[in-house]
C-alpha cells in the first residue's frame, strides 16, 4: 500500500516537474504543430470533452435501463437473465483494446461510421457500460424494499414505483458511478488508437469529424524525438489528470452530499 | 417481545370496545373463507374464516410465526409482491372476490391502505410524501387541501405545517409513522391495514397512534396486527387470536386462527384454552 502510494507520488511529482514549463495558454488553445514551441492540444482537449459527452449520452440511459430491468423486473430463475448477468460481469473484465478491435470491425467499418468522434465515443461507451450497469444496480439495490412496499400500498403501479421512488432515490449512487466510469473513458487510449483517433488534427473537431483525443495526443508526443515534446507530453498529462481528478472529486462530493439516512 | 401479563387495570380499558352484537350488526367489509397462504409450497397459514366489520377496529394477535402478518397482507394483496406466495380460499371485499382473475391489485391497494411495522416515509419532503398517492392516482381537486386534510386526520398538521418542504426523514419515529398514516389517508381509502404500527415506537408515540385509531374508526375500517396484547385490548373491538400448529407428520409449523370474538371476551372469558394461556401470559 505504502509502496504503491509512494510510487504514485513520485510519478506525480516527476510529471509535474517535467511538465510545468509546458503548461500555458499555448497548450490549451494552440493547434498541434511539428514545432514544439507552437504546439498545443486544443483539438485533443475538445475532442476528449466531446467523447465524454457521447459516452454519457449513451452509457447512462442504456446502463440505467439495464440495471432497472435486472433489479426490478428480471426473474432470476430464467436462464436468459442469468446469461445477461454473467455477461455483464465478464464484459467488465475484457481489456479495452479488444473493444477497440470490435469497434473497428462493427462501428467504424460495419456500420460505416468512419473514424469519427461519434464512433470513438460509442466504443468508449461499450468499455464503460458494464461499470455503469454495476454501479446503477448497486444504487438501486440500496433503496430499501420498504420504500417500494410503501409506494405499492398506496396503489402505485410497478412503473410508478420504479420511476417515482426507486430511481430518484438511487440517483446519487448512479451519478457517482457514472462519473467514475466517465473518468475512466476519458483516460482510455488503446481502443481509440485502434479506431483511428488520428494524431494530427489542426482544426476543432466535430462529432462526425476526424479527431484526436488527449491521451492519444500525449502518447504521440512521447514518441517524437524532440525533447521539448516530452515536456509537452507531461504538461498534457497534467491537463488530463486535472480533468479526471476533477470528475472524481465531483463524484465523491455527490456521494457524501446525498448519503442516505435510512 | 415478551407477552405482557394480565392485570386487573387492563380490564377497565377493554371496555372501550364494542359489544359483539353491535359489531356484527355493522356491514361486513371482508369475509374470509377457508384462507390458506403458502410461500414456495410451505404453508404459512391455513384454514382461516373470519369477517371484518365496517367502522370497527379488528386486531390480530398471536405469537411470532403464527401468520398474522401474512394474513393482513392478503387483504390488499401485498403477498402478490412476494415471489412464490400462493393464496387459496376466498377473501370477499364488500362481496367481491379480491382474488378473482379480473381484479386489479393496484385498484385494491388504492382502496385498502396499509401502514407498516417500521415507519417507511419516502426520502422526499413531508408534503411530497402525502401527495405521492393522490399524484400517482391522478386524483382531482386541490392537492394542498388534500395534504392538509390528511395530515390533520393523522394529528400531525400542527407539528409540521410550517415545514412541509422539509425532508420527512428528519421527523421523529412517531411523527414518521403518523406521516405514513397521513399518506395512507390521502388517497381516501375505505380500510386501513396496520401491521404492528407501533412496535418500533416509544410509549408516548404509541399512545398517540392508539388514540388516532379511535378517531379514525369513525370514518374508516381498521385492521391491526399487534404483538402487544394490551394494545389490542385498548384499541380493538374484535380480536382474533392466531397460534402455531405443529404438524405431527413433521410437515412443519403453520399458523391457524384459534378464536375470534369481541375483544372483551377474548381478554376476560376466552372459550379456548390456548387463547386463555396466551392472554394470561402462560404461553408466548
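Step by step: first the residues of segment A:30-56, then only those that are in a helix (DSSP H, G or I) and without any contact (Cβ under 8 Å) to a residue 60 or more places away in the chain, then the one that is nearest to residue A:144 (Cα to Cα). Which residue is that? So that I can check it myself, show each step before the final result.
Of the residues in segment A:30-56, the ones in a helix (DSSP H, G or I) are A:36-38, A:42-56.
Right, trim to without any contact (Cβ under 8 Å) to a residue 60 or more places away in the chain and you get A:38, A:49.
Working: A:38: 57, A:49: 36 Å.
Only one residue tops the list, namely A:49.
Would you please name the residue that is farthest from residue A:184 (Cα to Cα), looking only at residues in segment A:81-97 that are without any contact (Cβ under 8 Å) to a residue 24 or more places away in the chain and surrounded by 14 or more Cβ atoms within 10 Å (Cβ to Cβ)?
The qualifying residue farthest from residue A:184 (Cα to Cα) is A:81.
If I ask for residues that are under 18 Å from residue B:120 (Cβ atoms) and more than 7 Å from chain B (Cβ to nearest Cβ), which ones from segment A:136-150 would you list?
Within segment A:136-150, the first condition is being under 18 Å from residue B:120 (Cβ atoms), and the residues that meet it are A:140-150.
Hits for segment A:136-150 are A:140, A:141, A:142, A:143, A:144, A:145, A:148.
For segment B:123-133, give me each residue that is surrounded by fewer than 24 Cβ atoms within 10 Å (Cβ to Cβ) and at the interface with another protein chain (Cβ under 9 Å from one of its Cβ atoms).
B:123, B:124, B:132
Among the numbered conditions (1) within 14 Å of chain A (Cβ to nearest Cβ); (2) assigned to a loop (DSSP other than H, G, I, E, B); (3) out of contact with any strand residue (DSSP E or B) (no Cβ under 8 Å at 6 or more places or on another chain), tell me where residue B:102 comes up short.
Of (1) within 14 Å of chain A (Cβ to nearest Cβ); (2) assigned to a loop (DSSP other than H, G, I, E, B); (3) out of contact with any strand residue (DSSP E or B) (no Cβ under 8 Å at 6 or more places or on another chain), only one is false for residue B:102: (1).
Consider residue B:111 against the criteria (1) closer than 30 Å to residue B:49 by Cα; (2) more than 14 Å from every other protein chain (Cβ to nearest Cβ): it satisfies all of them except one. Which criterion is unmet?
Unmet condition: (2).
Restricted to segment B:134-156, and to residues that are within 14 Å of chain A (Cβ to nearest Cβ) and free of Cβ contacts under 8 Å to residues at least 40 places away in the same chain, which residue is surrounded by the fewest Cβ atoms within 10 Å (Cβ to Cβ)?
B:138
Hey, can you tell me all the residues within segment A:178-192 that are part of a loop (DSSP other than H, G, I, E, B) and surrounded by fewer than 21 Cβ atoms within 10 Å (Cβ to Cβ)?
A:189
Checking the structure you have, find out if any residue of segment A:155-177 is closer than 19 Å to residue A:213 by Cβ, away from every other protein chain (no Cβ under 14 Å) and part of a helix (DSSP H, G or I).
Filtering segment A:155-177 down to residues closer than 19 Å to residue A:213 by Cβ leaves none.
No: zero hits.
Out of the residues in segment A:202-225 meeting the condition of being under 12 Å from residue A:48 (Cβ atoms) and not in a helix (DSSP H, G or I), tell me which one is nearest to the chain's Cα centre (by Cα).
Per the criteria, the residue is A:213.
Within segment B:193-208, track down each residue that is closer than 30 Å to residue B:142 by Cβ and surrounded by 24 or more Cβ atoms within 10 Å (Cβ to Cβ).
B:193, B:194, B:197
Read through the list (1) farther than 23 Å from residue B:243 by Cβ; (2) touching a residue at least 12 places away in the same chain (Cβ under 8 Å); (3) in a loop (DSSP other than H, G, I, E, B); (4) more than 9 Å from chain A (Cβ to nearest Cβ), then give the number of the only condition that residue B:76 fails.
In the conditions (1) farther than 23 Å from residue B:243 by Cβ; (2) touching a residue at least 12 places away in the same chain (Cβ under 8 Å); (3) in a loop (DSSP other than H, G, I, E, B); (4) more than 9 Å from chain A (Cβ to nearest Cβ), residue B:76 misses (4) alone.
Out of segment B:265-284, which residues are in a loop (DSSP other than H, G, I, E, B) and either in contact with a helix residue (DSSP H, G or I) (Cβ under 9 Å, 6 or more places away or on another chain) or buried (at least 19 other Cβ atoms within 10 Å of the Cβ) (or both)?
B:269, B:270, B:271, B:281, B:282, B:283, B:284 - these are the residues of segment B:265-284 that are in a loop (DSSP other than H, G, I, E, B) and either in contact with a helix residue (DSSP H, G or I) (Cβ under 9 Å, 6 or more places away or on another chain) or buried (at least 19 other Cβ atoms within 10 Å of the Cβ) (or both).
Of all residues in segment B:195-216, count the ones that are within 12 Å of the chain's Cα centre (by Cα) and at pLDDT below 90.
1
Checking residue B:168 against (1) within 13 Å of another protein chain (Cβ to nearest Cβ); (2) out of contact with any strand residue (DSSP E or B) (no Cβ under 9 Å at 6 or more places or on another chain), which test does it fail?
Among (1) within 13 Å of another protein chain (Cβ to nearest Cβ); (2) out of contact with any strand residue (DSSP E or B) (no Cβ under 9 Å at 6 or more places or on another chain), residue B:168 violates only (2).
Which residues, counting only those in segment B:106-133, are in contact (Cβ under 8 Å) with a residue 40 or more places away in the chain and more than 15 Å from residue B:165 (Cα to Cα)?
Once the filter is applied, which keeps residues that are in contact (Cβ under 8 Å) with a residue 40 or more places away in the chain and more than 15 Å from residue B:165 (Cα to Cα), segment B:106-133 yields B:110, B:111, B:112, B:113, B:114, B:115, B:116, B:117, B:118, B:119, B:120, B:133.
Working carefully through the options B:52, B:91, B:87, find the one that is touching a helix residue (DSSP H, G or I) at 6+ places or on another chain (Cβ under 9 Å), more than 14 Å from every other protein chain (Cβ to nearest Cβ) and either in a loop (DSSP other than H, G, I, E, B) or crowded, with 18+ Cβ neighbours inside 10 Å (or both).
B:87
May I ask you to list the residues in segment B:171-217 that are over 18 Å from residue B:231 (Cα atoms) and away from chain A (no Cβ under 14 Å)?
B:175
The values are calculated or read from the model by the stated rules, or taken from the named source; none is laboratory data. Note that the structure is a prediction, hence the values are computed from the model and not measured. Glycine gets a Cβ as well: all are built from the backbone with ideal geometry, and neighbour counts include every protein chain shown.
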